[in-house]
Amino acid sequence: MPRNLPNDVRTASTSPDVRDEALGLLLRIASGKDDAVPLPALLSQLSSCKGLSSIQEAFLSELTYGVLRLSSLLDLCAGSYIARPGKLSSMMRMLLRIAIFEMLFVERIPSRATVDECVSIAKRRFGQRAAGFFNAVLRRIAREASRLADGIHERISHLSASSTSEDIALCGSIPPWLAEHWSSHYGQAVAASIVRGLIHAPRPCWRVNTARSCWNELMAECLSLGCERCAPHGFFAPFAGTMPADMQDTLWERLHALEASGAVSRQGKPSQVVAADVAGRMIRFRGGHAGLWDCCCGRGGKTAALMEQGVRVILASDPSSFRLEELQKQFCRLDIPCPSVLRNAAQEITGRSFDAVFVDAPCSGTGTVARNPELIFRLSPEMIKAVSTVQK
């Protein structure tokens, strides 16, 4: 279940600061205060603001994603060692989740270090009495970490058509209404399969900037470092533990350097495939001179992919000023001309004509929860209905 962690992530455990930052970030996400900001952007902002090293940033990301994906099962583990778990504050419960996830699933950090650091946070946050409580509970859990981790894996693997909606919700750390929604629309077997997929992080996927004349050489370099081609201009990076640690560290150092220079960008395979298909159609249309309006551009991932491939995007619009700011930052990093941007809903833009319009319509996001687990805190039945109305 762990994502890609640097080989020396253990050095990130010498201070409680990363766990403390993860605690604050998880509480912010759970509160819904940042519901318009995607988790990668929140992590990047926090890492930059706090001056975290790349190792600390990777550790912060691992804790945050892991706790979000397994929160209900982590609570179940904690409940076996606490007389009255319902009496815990939301902050205490979240700190327990962080500690339990780390002991069960982050293999490179000794449990004793996790216990010591989280007890220090508890003492600072809640006082000496709470620190004693955390110390007692976490040391008991540490002694049984292997059994508890096996129990979680087994529970998830046994999800099937005979599983109840309640068990599907528990294993996926999703609200009961969403488990029932999936079960009623797709059946218990498919709902169980969806939840099994949510638990595991999708393979990290990157896109080569084809606006660079050396993009073929960049692709070849990444493949030589152990990546696997998955799209015309994209590749998967290997999961942690599937290659020697020193090779993995070399790969991730290089990927981060290439990303900072604008040579590559993180983008999921489905988005890359869509962008490549649209780009192919646009290049064939009017000899590649047709002007395109990307009317739901978001943070500009597909917009940038289209322009890297030679599409003439003349306008990118979105109702969110934050997303448009992120788009402009991305184009600056990629070192390609930014199209005209307009903050407005697509249906409110009138009086202009375009050769083609690209509509990546707003959706509920339930199909991306594996990659974006923070969406669970933002979803509601009312939101799904509202988005469906917009799409129609």
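In the structure shown, do any of LYS33/LYS385; LYS269/LYS385; LYS33/LYS269 have a Cα-Cα gap over 25 Å, and if so which? Going by Cα-Cα distance, LYS269/LYS385; LYS33/LYS269 fall outside the 25 Å limit. Just checking the listed ones, LEU70, LEU88, LEU306: in the Gaussian network model of the chain with Cα springs under 10 Å, the one fluctuating most is LEU88.
For VAL264, the residues whose amide H sits under 5 Å from its own are ASN209, GLU259, ignoring neighbours fewer than 5 places away on the same chain, with H placed 1.01 Å from N. Relative to the dominant Cα principal axis of the chain, helix 215-224 is inclined by about 30°. Between ARG378 and ALA361, the contour length at 0.36 nm per residue exceeds the Cα-Cα span by 4.3 nm. Spin-label pair ASP116-SER90: with each label point 7 Å from Cα along the Cα-Cβ axis, the two points sit 3.3 nm from one another. Cβ crowding within 10 Å, taken as a proxy for footprinting-reagent exposure, orders TRP215, TRP177 from fewest neighbours to most as TRP177, TRP215. Straight Cα distances below 19 angstrom link LYS123 to the lysines LYS87, with same-chain residues fewer than 8 positions distant left out. Spacing of the modelled spin labels on THR250 and GLN328, each 7 Å from Cα toward Cβ, amounts to 4.1 nm. Here the spin labels are modelled as points 7 Å beyond Cα on the Cα-Cβ line, and at ALA260 and SER320 they lie 2.6 nm apart. Centre-to-centre separation between the Cα atoms of segment 222-248 and those of segment 314-334: 29 Å.
Relative to the longest principal axis of the Cα atoms of the chain, the long axis of helix 188-199 lies at roughly 90 degrees. Among TYR81, TYR186, a tally of other beta-carbon atoms within 10 Å of each Cβ gives an order, fewest to most, of TYR186, TYR81. FRET efficiency for the ARG343 to PHE285 pair, using the beta carbon distance and R₀ = 30 Å, is estimated at 0.60. Rounded to 0.05, the FRET efficiency of the THR368 and ARG129 pair, given R0 = 45 Å and the Cβ-Cβ distance, is 0.60. Among THR242, THR64, THR303, sorting on how many other beta-carbon atoms sit within 10 Å of each Cβ, with the fewest leading, yields THR242, THR64, THR303. Pop the C-beta distance of ARG143 and CYS49 into the FRET formula with R0 = 45 Å and round what comes out to the nearest 0.05. Once the sixth-power term is evaluated, E becomes 0.75.
Where a number appears in this text, it was derived from the coordinates with a stated rule and is not lab data. Because the structure is a prediction, the values reported are computed rather than measured. For neighbour counting, all protein chains shown are included, and Cβ atoms are generated from backbone atoms with ideal geometry for every residue, glycine included.
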